[in-house]
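This report concerns only the one structure given below.
Every number here is computed from the coordinates shown, using simple stated rules; none is lab data. As the structure is a prediction and not an experimental result, all values here were calculated from the model. Here the Cβ positions follow ideal geometry from the backbone for every residue, glycine too, while neighbour counts run over all protein chains shown.
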Amino acid sequence: MTPRASAWMLQSSSDLEAAKTLAQAGFHAHACYTASQAAEKALKALVVAAGLTPPYSHSLERLVDLLKAQGLATEAFEPLHLKALTRMNSQSRYPSADEAPADLFDANDSQQALTTAARVVEAASALLAG
């Protein structure tokens, strides 16, 4: 693994741990956002490892499609709820009409985000080690 890909993975792992801490403290909207960032950075580590510049995109599906186009085995990502985690990236940060994200996200949401993000980070780590 290149030092740059390693840096992306290190930050991904750090974001995942921060998301867990936020969820435990009851900051579920923040946990969802940070979990989505962990997954995004893990996928971007794979993009970097493939010799590409990561796109300016928060779409996890787009990143997986880019990796698949590079010939990387992306089967581990296909059963995951990446679209839901991608949506959490912006919905967990900005008010919608008169509702704050803090009122819209609960423990179930943050648990779903953490589970999906952890699976993305694990799969990316395995591919990088591979």
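Have a look at THR116, THR86, THR53 and tell me which one the Gaussian network model of the chain (Cα, springs below 10 Å) gives the largest fluctuation. Comparing THR116, THR86, THR53 in the GNM, the peak value goes to THR53.
With +1 on each Lys and Arg Cβ and -1 on each Asp and Glu Cβ, how big is the dipole of the range 3-129 about its Cα centre, in debye rounded to the nearest 20?
Details: 10 positive and 13 negative charges, 93 e Å.
Dipole about the Cα centre, nearest 20: 440 debye.
Taking the number of Cβ atoms within 10 Å of each Cβ as an exposure proxy, the fewest-first ranking of LEU72, LEU114 is LEU72, LEU114. Ranking ALA102, ALA69, GLN24 by Cα position along the charge dipole of the chain, where only Lys, Arg, Asp and Glu carry charges on their C-beta atoms, puts ALA69 farthest toward the positive end.
Based on C-alpha pairs under 8 angstrom that are at least 6 apart in sequence, the chain has a relative contact order of 36 percent.
Couplings 3J(HN,Hα) of the range 113-120, computed from phi: 4, 5, 5, 5, 4, 4, 5, 5 Hz, in residue order, whole Hz [Karplus 6.51 cos²θ - 1.76 cosθ + 1.60, θ = phi - 60°; x for Gly and Pro].
From least to most packed, judged by other beta carbons within 10 angstrom and beginning with the fewest, SER59, SER96, SER110, SER14 follow the order SER96, SER14, SER59, SER110. Eigen-decomposition of the gyration tensor built on the alpha-carbon atoms of the chain gives equivalent ellipsoid semi-axes of 26, 14, 12 angstrom, largest listed first. The distance separating the Cα centre of the range 62-87 from that of the range 1-30 comes to 19 Å.
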